[in-house]
Amino acid sequence: MPEVTAVPIGADRVTTDDEIVVSSPYDGSEVGRVPSCDAGHVDRAVAAARGRLAEPLPAHARAVILDRAAALLAERQEDFARTIAAEAAKPLKTARVEAARAVDTFRFSAVEARSLTGDMVPLEASAPGEGKLGFTLRVPIGVVGAISPFNFPLNLVAHKVAPAIAAGCPVVLKPASQTPLSALALATLLLDECGLPPGWLNVVTGSGGAVGDPLVLHEDVAMITFTGSPPVGWSIRAKAPRKKVSLELGNNSPVIVEADGDWRTAAAKLKLAGFSHAGQSCISSQRIYVHRSIHDDFVAELVDQVATLVVGPPLDESTDVSALISAGDTNRVKEWIDEAIEGGAKVAIGGEVGDDGVLRPTVLTGVQPEMKVCADEVFGPLVGVTAYDELDEALALANDTRYGLQAAVFTARLDVALAAARRLDYGGVLVNEVPTWRADQQPYGGLRDSGNTREGPHYTVREMTEARLVVLS
Ligand code: NAP
């Protein structure tokens, strides 16, 4: 039986009488156990973190810790990939990419620790400021409460913890209940091998109600950084009106494929972009708008590509697509497919759940805006294709959503690329690349229901620090 992984709270490694069993979403086998924390553990964790604010670590020391973490993560990439695959059913190939990206997230955070500065304020530009010198210091905001989702159990934890260390903020982390093991392995690496002193990173494992709510409501937590679903994210925002709350939420990413665009490349990229981790990425390509003149050729090419995806156990080297995070999610996506079919959509490939319980990669055509597979975030191995006649129509369809994270267009025309960049109402617009593409140093985040912030070490460190004005007279 796997051992219980204790959680770090201050200088202690804490276990509880009750344990949470972490099971593989693929076959239900036990992959680990973690403590079942409660509000008392949150209090201890916040107190430990708060205590650290009185003993700040200098920037050079923070940078060295982050560099060490990057180096060790690079060395242990395979171990981390296997943990991600086991707890999230993320195919090993995809999990390796996530583990490699986490290295980058730490490297870029080390750069931020070394270069964080405030601004000069031109006080002499007004008569009252004459003779005075003004500048800002970037001051740590305080204790950061970090809440992370299941779908990137390592790199999205890294996107919160590494910038917080760079900014000088102690953290209390609540990882997703389904995927706490990657987060705990990262915490252990930072505390035991990288020189991060106890109390700078504390982890509380447990449900949203048991530990998430007490963390959000705790008066000594200055900021909540949350990645997850829109309903939970916005409810946190409402519960903590006086805290800074940064939200990275969902999307139903659109891709426009123009007749002059390289649609074969688009289809080849969509093979990964719609189906990587079975579509469980916040920027999974979901709504594909294709010019009517190439629609049939494009669909045939996409179906050929999707047919080559290997479905199987997450830890198999050949697997491209594995199980969704829960049987409930498999049933939900299957119901949405059935609803679309009843409404007139056609299955070009997939649409069924196999004997292994895994939903097959699915391409639907004739998808309409009001169908759930179009209007909502599917978070499953499904793309829906819709034909259009004019670019204006495609841009309007792409913008017809309450989400706004990333969108994309494939075109050979510069004027179309620029029109898309100006008119697609999203946090990021990609040209001749899928909306699923992300580099860890870019400003990443959405509009409307997709969130209220930009993540990426440079941007996150600014969110986690306050500008303190200093005036020398
Ligand atoms: P989720 O159900 O919203 O859970 C996210 C985190 O919130 C988990 O740790 C969860 O804990 C916790 N939580 C639940 N209820 C809470 C409460 N009342 N108070 C505090 N915390 C609470 O999301 P998910 O299913 O893990 O992740 C999928 C969603 O994340 C999708 O919508 C996806 O688009 C989005 N996402 C966005 C980005 C981005 O950067 N924009 C990246 C990845 C994923 P439990 O696990 O214990 O329930």
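The values are calculated or read from the model by the stated rules, or taken from the named source; none is laboratory data. Since the model is a prediction, treat every value here as computed from it, not as a measurement. Using ideal geometry, Cβ is built from the backbone for each residue, glycine included, and neighbour counts are taken over all protein chains shown. In case anyone asks, the SASA skips ligands and DNA or RNA and just uses the protein heavy atoms, side chains included. Shrake-Rupley method; radii C 1.70, N 1.55, O 1.52, S 1.80 Å.
General observations
- For the chain, the longest principal axis of the alpha carbon atoms and the long axis of helix 39-53 meet at an angle near 60°.
- Whole-angstrom gap from the range 276-337 to the range 350-396, using each part's C-alpha centre: 9 Å
- Residue-wise HN-Hα coupling along the range 171-177, computed from phi with Karplus coefficients 6.51, -1.76, 1.60 (Hz; x: Gly, Pro): 10, 10, 9, 10, x, 4, 5
- For Val204, neighbours were defined as the other residues whose beta-carbon sits under 12 Å from its Cβ, and their charges (Lys and Arg +1, Asp and Glu -1) total -1.
- The trypsin sites (Lys or Arg not before Pro) of the range 124-210 that DSSP puts in a loop, and whose beta carbon has at most 15 other beta carbons within 10 Å, are Lys132.
- Spin-label pair Asp392/Leu469, simplified geometry with 7 Å Cα→Cβ offset, distance in nm: 4.8 nm
- Angle between the chain longest axis and helix 327-342 axis [Cα atoms, degrees, rounded to 10]: 40 degrees
- 3J(HN,Hα) from dihedral phi, the range 217-228, Karplus parametrisation 6.51/-1.76/1.60, rounded to Hz, x for glycine, proline: 8, 5, 6, 8, 9, 7, 8, 10, 10, 10, 10, x
- For Ile20, distant residues with modelled amide H under 5 Å away: Val34, Ser36
- Over the range 35-166, relative contact order from alpha-carbon pairs under 8 Å, at least 6 apart, %: 29 percent
- Residue-normalised accessible area of the chain, expressed per residue, 1.4 Å probe, Å²: 38 Å²
- Mean separation of Cα contacts under 8 Å (6+ apart) over length of the chain, as relative contact order %: 18 percent
- The range 1-64, dipole about Cα centre (Lys/Arg Cβ +1, Asp/Glu Cβ -1), debye to the nearest 20: 500 debye
- Remark: the range 369-377, residue by residue, has Karplus-estimated 3J(HN,Hα) of x, 7, 5, 4, 5, 10, 6, 10, 8 Hz, where x stands for each Gly or Pro and the curve is 6.51 cos²θ - 1.76 cosθ + 1.60 at θ = phi - 60°.
- Each stretch of four or more DSSP H residues adds -39500 (n - 2.57); spread over every residue of the chain, this sum gives -12000 deg cm²/dmol at 222 nm.
- Å³ per residue enclosed by the Cα convex hull of the chain: 151 Å³
- For the chain, share of DSSP beta bridges that run antiparallel, in % to the nearest 5: 40 percent
- The mean sequence distance of close C-alpha pairs (under 8 Å, at least 6 residues apart), as a share of the length of the range 234-363, puts its relative contact order at 20 percent.
- Low-density loop positions, trypsin sites (Lys or Arg not before Pro), the range 360-451 - DSSP coil, at most 16 other Cβ in 10 Å: Arg402, Arg413
- Tilt relative to the chain, helix 59-75 - C-alpha long axis, 0 to 90 degrees, to 10: 40 degrees
- With Cα atoms defining each centre, the range 182-202 and the range 453-471 are spaced 23 Å apart in the structure.
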